[in-house]
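Before we start, here is the structure in question, set down as C-alpha cells.
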Amino acid sequence: MTVKPDRYVRPVLCTRRILSDNPQEMHLLWSLVVPITCLTVVCTGEKSVNFSDVDIPTEHMPFYFNNFPDLAEQCANDEDCPYRDIAKEKKCWGYEDICPKSKAYSIPVCSGDYKGWAKSSEEHVQRFNNQADFGYIKERNREMKIMCEPLFKDDSSLECADHLRFCRGRNIMFNFTDLIHRKEPIRYAMDVLKNGQVGGYCKLHKKRLQDQCDHLSALQSWGPELRNFVEMPHRPVENNECDVIIEKPTFILKIDAINMYHHFCDFFNLYAALHLNGSHPEMFSRDVHILIWESYSYLSNFAPVMETFTKHPVWDLKTFRGETVCFRNVVFPLLPRMIFGLFYNTPVVHGCEKSGLFHAFSKHILHRMKIPQFKRRDDKIRITLLSRQTKYRRILNEDELVTRLEENSNYEVQRVYYSHQMPFSEQLELTHNSDVFIGMHGSGLTHLLFLPDWAAVFELYNCEDENCYMDLARLRGVKYLTWEDSEKVHQEDEGHHPQMGAHAKFTNYRFDVDEFEAIVKKATDHVQAHPAFKEFLSTSLKYGHPATHIEL
C-alpha cells in the first residue's frame with residue numbers, strides 16, 4: 001500500500017496500536033523530522049497555511065505574524081488572506097529577543113510608590129512584567145536546559161526550565177503497566193511512575209536533572225515524575241517497545257480543579273505554556289491531545305474551556321492503564337501551584353496592574369468560545385449581582401440591595417445565579433456584557449477575568465481574604481472595589497469553620513444599603529470615565545442594534 005504524505009516523513013512498518021485520526025496509519029507509521037524544540041509535527045514545505053485555522057483574535061494576529069515572518073510575507077502577498085492589511089504590522093508579545101516597548105502587547109501600569117519594591121520606576125515595571133506578564137515567559141525561556149540530549153534526528157530529547165516547572169520532549173516513553181494493579185483512584189499522586197518507567201534514547205544529564213528536582217510537590221513541578229527518567233539503550237519506537245504511539249502533540253496536565261478559581265489557574269498556565277512552547281506556526285492549534293495526570297474521568301462545567309485547547313476527547317490515566325506509551329511530541333506545561341507561579345501564588349508587586357498576558361488569555365478564551373460583546377441601545381450602566389445560594393456567604397438583605405439599584409434609571413440591573421445547570425458559555429455572555437460585577441468573596445468572582453476592559457468588580461465583602469480577588473483584578477486590569485466600613489456590615493454570627501472555629505468565610509452578611517449604593521456609584525463613575533467605554537458606547541449608539549455584537 002502506498003500513502004502519499006503531505007508532510008516530510010519516512011515510513012516505518014508497524015503492527016502496534018497507533019492513536020491517529022488517519023485509519024491508514026493503522027498499517028503505516030510516519031515518523032517525523034522536526035527540530036527538538038518544535039511542538040507540532042507539521043513541516044509546511046510547499047503547503048500553504050490556512051490562516052483561518054490559526055483561530056486567535058484578529059487583534060492578536062500581528063503579534064503572531066511577528067514570530068513567523070515568512071507567514072506574514074505569504075499573507076501580505078495573498079489577496080485572499082483575511083489578515084492582509086495587518087500582516088506587516090510590527091508588534092510583539094513581550095517575550096521575544098527584541099521587543100521595543102512601543103510595539104509590545106501592553107505596558108504594565110505602575111503608578112504606586114516603588115520605594116521598598118524597586119530601585120527605580122523602570123525596575124518597578126520590569127519586576128511586575130517578570131512576575132506576572134509576558135516577561136515571565138521570557139524568563140522561563142532563558143532557563144531552558146537540555147536534560148536528555150539527542151545525537152541524531154530520530155533520538156529522544158528532553159529539555160526543561162528551572163525546577164522542572166515546564167518541560168517538553170520528543171520520542172518519550174511512559175510505562176503505565178503498573179497502573180493496572182492500582183486500586184485506589186489517582187489524584188495529586190507523586191508515585192504514578194517508578195524509576196525507569198519514563199525515558200528516552202538520548203544522552204541523559206542525570207545530575208543536571210536531579211539538581212532541578214527540588215520542588216517535589218504534586219502541583220508545583222514535574223519533579224515527582226521526571227526524577228524517574230532514564231537513558232534507554234534503544235529508540236523506543238523503532239525497537240518495538242511501545243504498545244501505543246501518540247503521533248499528535250500531547251499536553252500532560254496536572255490540574256487543580258477544586259473550583260472555578262483554581263481550575264482557571266490550570267487553563268491560564270496552559271495558555272502561557274502555548275507561548276512558552278511557541279516555536280512553530282501551529283502553536284495555537286487545537287489538533288493536540290490532552291492527558292490529565294489522574295485516573296478520574298474529566299467531567300467539569302468548565303469543559304467548554306478545555307475544548308478551546310483541544311478538539312479531541314480528554315484522556316486520563318485510565319486511558320493507558322497497563323500499556324507502554326510513546327509520545328512523539330510531549331509538553332509538560334506550567335503548573336497551577338508553582339512557587340512564585342502564575343495566577344495562584346503570583347507575588348504581585350505593590351502599585352502595579354494590567355498584565356498583558358492575563359488580558360491576552362481573556363481575549364483568547366472569549367474568542368474561541370465565541371462570546372459576543374453586544375452593542376447598546378442606550379447609555380445605561382449594566383450591573384450584574386452574582387447571588388450565592390450556598391450555606392455561607394449569602395447576602396441576607398440581597399432583595400433590598402437590588403431594589404435600591406433598580407430605582408436608579410441610569411442602571412440596568414440583573415441578579416444572576418451561576419449554577420452547574422447554567423451552561424458556562426451563557427455565564428460568560430452575561431459576565432462579558434456587564435459593566436459592574438458585584439459578588440461576595442468566592443470562586444465565582446473569577447468571572448472578572450472576562451469582564452470588558454472598562455469594567456469594575458465590586459467584591460462586596462472579602463471575608464478577611466484581602467488579596468485574592470484584588471490581585472486577580474489588578475492582573476486582569478479592571479477596577480477593584482470592596483467594602484471598607486466595618487461598622488456598616490453585619491455578620492449573622494461569628495462563623496463556624498468545621499475545624500478552625502470562628503471564621504469570616506463561614507457565615508452570612510447584611511449590608512448597609514446607603515453605603516452599598518455609594519460604592520456602586522464609585523464603580524459606575526469609573527466605567528463612565530473610561531476611554532474604552534466612551535468609544536464603545538459611541539460606536540454602539542451610532543450603529544448598534546439589539547442583535548449585533550462587536551467581533552472578538
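The values are calculated or read from the model by the stated rules, or taken from the named source; none is laboratory data. From a predicted model like this one, the values you see are computed outputs, not experimental measurements. Here the Cβ is made from the backbone with ideal geometry for all residues, glycine too, and neighbour counts use every protein chain on show. Note: accessible area is taken over every heavy atom of the protein model, side chains too, but ligands, DNA and RNA are not part of it. Shrake-Rupley method; radii C 1.70, N 1.55, O 1.52, S 1.80 Å.
As an exercise, identify the chymotrypsin sites (Phe, Trp or Tyr not before Pro) in the stretch 112-199 lying in DSSP coil whose Cβ has no more than 16 other Cβ atoms within 10 Å.
Those that pass, being in a loop and sparsely packed, are Trp117, Phe152, Tyr188.
Starting from the Cα of Lys479, draw a straight line to each of the aspartates and glutamates and keep only those under 12 Å, dropping any in the same chain fewer than 8 residues away.
In chain and number order, the partners are Glu353, Asp435, Asp453, Glu459, Asp471, Asp525.
Tell me the net charge near Cys92. Cut-off is 15 Å between Cβ atoms, Cys92 excluded, with +1 for each Lys or Arg and -1 for each Asp or Glu.
On the way: positive: Lys88, Lys90, Lys91, Lys101, Lys103, Lys138; negative: Glu59, Glu89, Glu96, Asp97, Asp133.
Cβ neighbours under 15 Å give a net charge of +1.
While we're here: What whole number of Å gives the distance from the Cα centroid of the stretch 455-500 to the Cα centroid of the stretch 287-363?
What the calculation gives is 28 Å, centre to centre.
Still on this structure, please answer the following. Would you mind getting the accessible area per residue of the stretch 371-542, heavy atoms of the protein chains only, 1.4 Å probe, in Å²?
Details: 7790 Å² over 172 residues.
Result: 45 Å² per residue.
Another question, then. Show the residues, 5+ positions off or on another chain, whose built amide H is closer than 5 Å to the amide H of Glu412.
Correct list: Ile381, Arg382, Ile383.
With an 8 Å Cα cut-off and a minimum separation of 6 or more residues, compute the relative contact order for the chain in percent.
Details: 1098 pairs, mean separation 75.8, N = 552.
The normalised contact order for the chain reaches 14 percent.
How much of the pair distance distribution for the stretch 175-248 lies past 13 Å, counting alpha-carbon pairs only, in percent?
Value for the stretch 175-248 (Cα pairs over 13 Å): 71 percent.
Apply the a/c threshold of 1.5 to the C-alpha gyration tensor of the stretch 136-332 and tell me whether it is rounded, prolate or oblate.
Rounded, since a/c falls under 1.5.
Which lysines, if any, have their Cα less than 18 Å from the Cα of Lys183, not counting same-chain residues under 8 positions apart?
Excluding near neighbours in sequence, the set is Lys194, Lys318.
Shifting gears a bit: Give a residue-ordered list of calculated ³J(HN,Hα) values for the stretch 371-383 (Karplus: 6.51 cos²θ - 1.76 cosθ + 1.60, θ = phi - 60°; whole Hz; x for Gly, Pro).
Running phi through 6.51 cos²θ - 1.76 cosθ + 1.60 with θ = phi - 60° gives 7, x, 9, 6, 6, 10, 9, 8, 9, 5, 7, 7, 10 Hz.
Using helices alone, I'd like the mean residue ellipticity at 222 nm for the chain: each DSSP H run of four-plus residues gives -39500 (n - 2.57), total over residue count, nearest 500.
-7500 deg cm²/dmol
If we restrict to alpha carbons, what Rg and Dmax does the stretch 371-542 come to, in Å?
Here Rg and the maximum Cα pair distance are 16.1, 58 Å.
In addition: Rounded to whole Hz and in sequence order, give me ³J(HN,Hα) for the stretch 80-85 from the Karplus expression 6.51 cos²θ - 1.76 cosθ + 1.60, θ = phi - 60°, writing x for Gly and Pro.
8, 6, x, 10, 4, 5
Any idea how far the Cα center of the stretch 374-409 sits from the one of the stretch 214-232, in Å?
Rounded to whole Å, the Cα centres lie 47 Å apart.
So what is the accessible area of the stretch 105-219 per residue, in Å², with the probe set to 1.4 Å?
Result: 48 Å² per residue.
Kindly identify the stretch 149-192 as rounded, prolate or oblate by the Cα gyration tensor criterion: order the square roots of the eigenvalues as a ≥ b ≥ c, call it rounded if a/c is under 1.5, otherwise compare a/b with b/c, prolate if a/b is larger, else oblate.
oblate
Tell me, what % of the accessible area of the chain is carbon and sulfur with a 1.4 angstrom probe?
48
Suppose the Debye formula is applied to equal point scatterers at every Cα of the stretch 271-341; what is log10 I(q)/I(0) at q = 0.16 Å⁻¹?
-0.69
How about Lys138: which lysines have a C-alpha closer than 17 Å to its C-alpha, ignoring those fewer than 8 places off in the same chain?
Within the straight-line limit of under 17 Å, Lys138 reaches these lysines: Lys91, Lys101, Lys103.
Which net charge results for the neighbourhood of Phe284, defined as the other residues with beta-carbon distances under 10 angstrom from its beta-carbon, given Lys and Arg at +1 and Asp and Glu at -1?
-1
Quick one, what does Rg over Rh come out to for the stretch 58-132 if you take C-alpha atoms and the Kirkwood Rh?
My calculation of the ratio gives 1.16.
May I pose another question? Please work out the Cα convex hull volume for the chain and give it in Å³ per residue.
178
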